[in-house]
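Participant: Handing you this structure, nothing more for now.
The values are calculated or read from the model by the stated rules, or taken from the named source; none is laboratory data. Given the structure is predicted, the values throughout are model-derived calculations rather than measurements. A quick note on method: Cβ atoms are made from the backbone with ideal geometry, for glycine too, and the neighbour counts reach across all protein chains shown.
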Amino acid sequence: MKLGGEFADFVVAGQRCGTISVVLTLLATIFGASATLGVAERAEKIGFPAFWWLASGAVGLALQGILLSAKIRESGARTLPELARQTAGPLAQRLVAIVIAISWPAVIGAQLAAFAGLWCAITGSSGTALPTILCALIVAIYTLIGGQRAVVKTDAPQMLVLAAGFGGLFLWIFSGKCGGAPVPIESVRLLSPEFGPREAILSLLTVGGAYFLGPDIASRSLVARDGRTARRAALAAAPALLSFGVAIALAGMWAATNATGAGNPILRIAAKLPLALRLCLSIGLFCAVLSSADTCLVNAAAIVAGDLAGSRSVRATRIAVAAMAVAATVLALFGGDIIGVLLKAYSIYTPGVVCPLAVSIICGRVNRHFWLAAVAAGGLCGLVGTIFPSLDFLPAAGMVLSLLLALAGRAI
């Protein structure tokens, strides 16, 4: 048998992964550049409320474990659009697949750009082309060879290195080994003038929604051995995500006082660590980007080949992997604002698709007319809210509207 095996083996690792493997690949998918460097940088600016990004994700992930994970796995689907077809019809499948196919090269490209920026910050070099291409080649090669199984198997060591690096960083600064003043207890507040109840609710709905039923997060349930395994993995990963959110926010706050200067606060803290720990953290940060990019790449390729092209061929999926990798690399190198434009397509997904798809998964088949109306209304709100920042409440409003329309379809 060729490496990667048949289609199911290639795109969902044969659906034979145990709880520990699913937990590790789930966390590795989540802990990308935004969840590590991004949250720390935000905490330096607005304080502890930066933790809401990962706290909202933990809430969404826990709800997925309670309500959806087992049903997703037991559906027998290999991709999220395929699951949409089972419950809402072929048009729903194509709609979800198109949104992902359009936006995911930009999502992957953003990870490649993050890798290049991290490379330059750590090595002191200025050129981004070489590290961008290097990251794309690494991810594309092992994904082409082994598909989802290779992604899951590489996620485990990547996650362990990442955990060791950040665990050491947290231990060093919170035990006082880095010196400096501890973070004052009175400054650890859930809300602040910059981030009040309104922002917390919006975060819970929009960010939490992406973790509740985002394509890459949900794809980790599809690789599980069975529904029970998928459910346990999501419920185990949620508190780990919440704990990391607290620690990384506190680290960003500590850096604001004790490791001032230019650049990301995590990298400034790293300069105070012993060489061995600094190397471990640096490798862990690279792993964070790789483990997010490979999941996006294999899932997007499976959707393009399986849901759009209608192929169940490993060869076709490998071609899609290569095409997606090339597109993402070009965007990372030359895309500039194009990445931002394409990412706006993803803004349709969370407010437009998450609630209707969750309703259809939980309740079974739905009224397709109401389902499509829910997607259209929520997606339009999400897109308008992204294009016009002053209307940042619209994505959350779109989620509520799409939920009500989807439920209305169940009531008639």
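Participant: Within region 65-120, which residues are under 18 Å from the mean Cα position of the chain (by Cα), of a type in the set (S, T, N, Q) and under 15 Å from L222 (Cα atoms)?
Facilitator: Within region 65-120, the first condition is being under 18 Å from the mean Cα position of the chain (by Cα), and the residues that meet it are 65, 68-69, 72, 79-81, 96-97, 99-115.
Now narrow it down to the ones that are of a type in the set (S, T, N, Q): 69, 79, 103, 111.
Result: S69, T79.
Participant: Determine which member of the set G306, G263, G284 is outside any helix (DSSP H, G or I) and either of a type in the set (D, E, K, R) or modelled with pLDDT under 95 (or both). Steps first, answer last, please.
Facilitator: Working: G306 fails: outside any helix (DSSP H, G or I); G284 fails: outside any helix (DSSP H, G or I).
Result: G263 is the single residue among G306, G263, G284 that is outside any helix (DSSP H, G or I) and either of a type in the set (D, E, K, R) or modelled with pLDDT under 95 (or both).
Participant: Taking the condition buried (at least 18 other Cβ atoms within 10 Å of the Cβ), modelled with pLDDT of 95 or more, assigned to a helix (DSSP H, G or I) and not hydroxyl-bearing (S, T, Y), does V298 pass? Let's see the steps before the verdict.
Facilitator: Working: buried (at least 18 other Cβ atoms within 10 Å of the Cβ): yes; modelled with pLDDT of 95 or more: yes; assigned to a helix (DSSP H, G or I): yes; not hydroxyl-bearing (S, T, Y): yes.
Yes; evaluated as a whole, the condition is true for this residue.
Participant: A further question follows. Across region 237-279, what is the number of residues that are touching a Ser or Thr at 6+ places or on another chain (Cβ under 8 Å) and not β-branched (V, I, T)?
Facilitator: Applying the first criterion (touching a Ser or Thr at 6+ places or on another chain (Cβ under 8 Å)) to region 237-279 yields 248, 253, 266, 268, 270.
Among the residues that remain, those that are also not β-branched (V, I, T) are: 253, 268, 270.
Summing the residues that are touching a Ser or Thr at 6+ places or on another chain (Cβ under 8 Å) and not β-branched (V, I, T) in region 237-279 gives 3.
Participant: Suppose we keep only residues that are over 19 Å from L391 (Cβ atoms) and among the hydrophobic types (A, V, I, L, M, F, W, C) within region 187-203. Which one would you say is surrounded by the fewest Cβ atoms within 10 Å (Cβ to Cβ)?
Facilitator: L190
Participant: Can you list residue pairs whose Cβ atoms sit under 6 Å apart, with the first residue in region 165-193 being in contact (Cβ under 8 Å) with a residue 24 or more places away in the chain and the second being assigned to a loop (DSSP other than H, G, I, E, B) and surrounded by 16 or more Cβ atoms within 10 Å (Cβ to Cβ)? Count only pairs 6 or more apart in sequence or on different chains.
Facilitator: Qualifying pairs under 6 Å: W172/C178; W172/L273; C178/K272; S192/G47.
Participant: Determine whether region 99-108 contains at least one residue that is surrounded by 17 or more Cβ atoms within 10 Å (Cβ to Cβ), in contact with a Ser or Thr (Cβ under 8 Å, 6 or more places away or on another chain) and not basic (K, R).
Facilitator: No, every residue in region 99-108 fails to be surrounded by 17 or more Cβ atoms within 10 Å (Cβ to Cβ), in contact with a Ser or Thr (Cβ under 8 Å, 6 or more places away or on another chain) and not basic (K, R).
Participant: With S292, S313 as the choices, which residue is at pLDDT below 95 and buried (at least 21 other Cβ atoms within 10 Å of the Cβ)? Show your work before the answer.
Facilitator: Details: S313 fails: buried (at least 21 other Cβ atoms within 10 Å of the Cβ).
From the options S292, S313, the qualifying one is S292.
Participant: I've got another one for you. Show the residue pairs meeting these rules: Cβ distance below 6 Å; 6+ apart or different chains; first residue within region 146-157 and in a helix (DSSP H, G or I); second residue of a type in the set (F, W, Y).
Facilitator: Close Cβ pairs satisfying both conditions: G147/F10; A150/Y142.
Participant: Here's something else I'd like to know. Can you run down the residue pairs with Cβ atoms below 7 Å, 6 or more apart or on separate chains, where the first is in region 358-371 and under 22 Å from S69 (Cβ atoms) and the partner is at pLDDT 90 or above and part of a loop (DSSP other than H, G, I, E, B)?
Facilitator: A358/L68; I361/L68
Participant: Wholly within region 1-94, which helices (runs of 4 or more DSSP H) include no fewer than the required count, namely at least 2 residues that are touching a helix residue (DSSP H, G or I) at 6+ places or on another chain (Cβ under 9 Å), more than 12 Å from A230 (Cβ to Cβ) and among the charged types (D, E, K, R)?
Facilitator: Details: elements: 7-12, 19-30, 39-46, 52-67, 69-74, 80-88.
Per the criteria, 39-46, 80-88.
Participant: Name the one entry in S243, S219, S311 that is touching a residue at least 60 places away in the same chain (Cβ under 8 Å) and of a type in the set (S, T, Y). Explain how you work it out, then say what you get.
Facilitator: Values: S243 fails: touching a residue at least 60 places away in the same chain (Cβ under 8 Å); S311 fails: touching a residue at least 60 places away in the same chain (Cβ under 8 Å).
Result of the check over S243, S219, S311: S219.
Participant: Check whether at least one residue in region 218-227 is surrounded by 22 or more Cβ atoms within 10 Å (Cβ to Cβ), more than 26 Å from Q64 (Cβ to Cβ) and not hydroxyl-bearing (S, T, Y), and report yes or no. Walk me through it before giving the result.
Facilitator: Filtering region 218-227 for residues surrounded by 22 or more Cβ atoms within 10 Å (Cβ to Cβ) gives 218-224.
From what's left, more than 26 Å from Q64 (Cβ to Cβ): none.
So far as region 218-227 goes, no, none of its residues is surrounded by 22 or more Cβ atoms within 10 Å (Cβ to Cβ), more than 26 Å from Q64 (Cβ to Cβ) and not hydroxyl-bearing (S, T, Y).
Participant: Follow-up. Looking for something hydroxyl-bearing (S, T, Y), touching a helix residue (DSSP H, G or I) at 6+ places or on another chain (Cβ under 7 Å) and not in a loop (DSSP other than H, G, I, E, B) - is there at least one such residue anywhere in region 191-199? If you could, list the steps in order and put the result at the bottom.
Facilitator: Taking region 191-199 and keeping what is hydroxyl-bearing (S, T, Y), we get 192.
Within this subset, residues satisfying the condition of being touching a helix residue (DSSP H, G or I) at 6+ places or on another chain (Cβ under 7 Å) are 192.
With the extra rule that they be not in a loop (DSSP other than H, G, I, E, B), the set shrinks to none.
No, there is no match, as no residue in region 191-199 is hydroxyl-bearing (S, T, Y), touching a helix residue (DSSP H, G or I) at 6+ places or on another chain (Cβ under 7 Å) and not in a loop (DSSP other than H, G, I, E, B).
Participant: Read through the list (1) surrounded by 17 or more Cβ atoms within 10 Å (Cβ to Cβ); (2) within 20 Å of Q158 (Cβ to Cβ), then give the number of the only condition that W254 fails.
Facilitator: Answer for W254: the failing condition is (2).
Participant: Here's a follow-up. Does region 267-284 contain any residue that is among the polar types (S, T, N, Q) and either surrounded by fewer than 23 Cβ atoms within 10 Å (Cβ to Cβ) or without any contact (Cβ under 8 Å) to a residue 24 or more places away in the chain (or both)? Don't jump to the end; show me each part of the working.
Facilitator: Of all residues in region 267-284, those among the polar types (S, T, N, Q) come to 282.
So of that shortlist, the ones also either surrounded by fewer than 23 Cβ atoms within 10 Å (Cβ to Cβ) or without any contact (Cβ under 8 Å) to a residue 24 or more places away in the chain (or both) come out as 282.
Checking region 267-284: at least one residue is among the polar types (S, T, N, Q) and either surrounded by fewer than 23 Cβ atoms within 10 Å (Cβ to Cβ) or without any contact (Cβ under 8 Å) to a residue 24 or more places away in the chain (or both).
Participant: Please tell me if F7 is more than 19 Å from A293 (Cβ to Cβ), touching a residue at least 12 places away in the same chain (Cβ under 8 Å) and not charged (D, E, K, R). Break it down stepwise before answering.
Facilitator: Values: more than 19 Å from A293 (Cβ to Cβ): yes; touching a residue at least 12 places away in the same chain (Cβ under 8 Å): yes; not charged (D, E, K, R): yes.
The answer is yes for F7.
Participant: Suppose we keep only residues that are β-branched (V, I, T) and within 19 Å of F244 (Cα to Cα) within region 38-92. Which one would you say is surrounded by the fewest Cβ atoms within 10 Å (Cβ to Cβ)?
Facilitator: Of the residues in region 38-92, the ones β-branched (V, I, T) are 39, 46, 59, 66, 72, 79, 87.
Of the ones still in play, those that are also within 19 Å of F244 (Cα to Cα) are 39, 46, 59.
Details: V39: 23, I46: 17, V59: 20.
Checking each candidate, the answer is I46.
Participant: Surrounded by 18 or more Cβ atoms within 10 Å (Cβ to Cβ) and within 28 Å of A358 (Cα to Cα), is that true of A230? Step through it out loud before you land on a result.
Facilitator: On the way: surrounded by 18 or more Cβ atoms within 10 Å (Cβ to Cβ): yes; within 28 Å of A358 (Cα to Cα): yes.
The answer is yes for A230.
Participant: For region 123-137, name all the residues that are in a helix (DSSP H, G or I) and either buried (at least 18 other Cβ atoms within 10 Å of the Cβ) or on the phi > 0 side of the Ramachandran plot (or both).
Facilitator: Applying the first criterion (in a helix (DSSP H, G or I)) to region 123-137 yields 123, 129-137.
Correct list: P131, T132, C135, A136.
Participant: From (1) at pLDDT below 95; (2) under 24 Å from L277 (Cβ atoms), pick out the condition that doesn't hold for S187.
Facilitator: Exception for S187: condition (2).
Participant: Scanning for something β-branched (V, I, T) and buried (at least 22 other Cβ atoms within 10 Å of the Cβ), does region 365-387 turn up at least one residue?
Facilitator: Here is the first cut: in region 365-387, the residues β-branched (V, I, T) are 366, 375, 384, 386-387.
Add one more test, that the residue is buried (at least 22 other Cβ atoms within 10 Å of the Cβ), and what stays is 366, 375.
Looking for residues that are β-branched (V, I, T) and buried (at least 22 other Cβ atoms within 10 Å of the Cβ), one finds at least one in region 365-387, hence yes.
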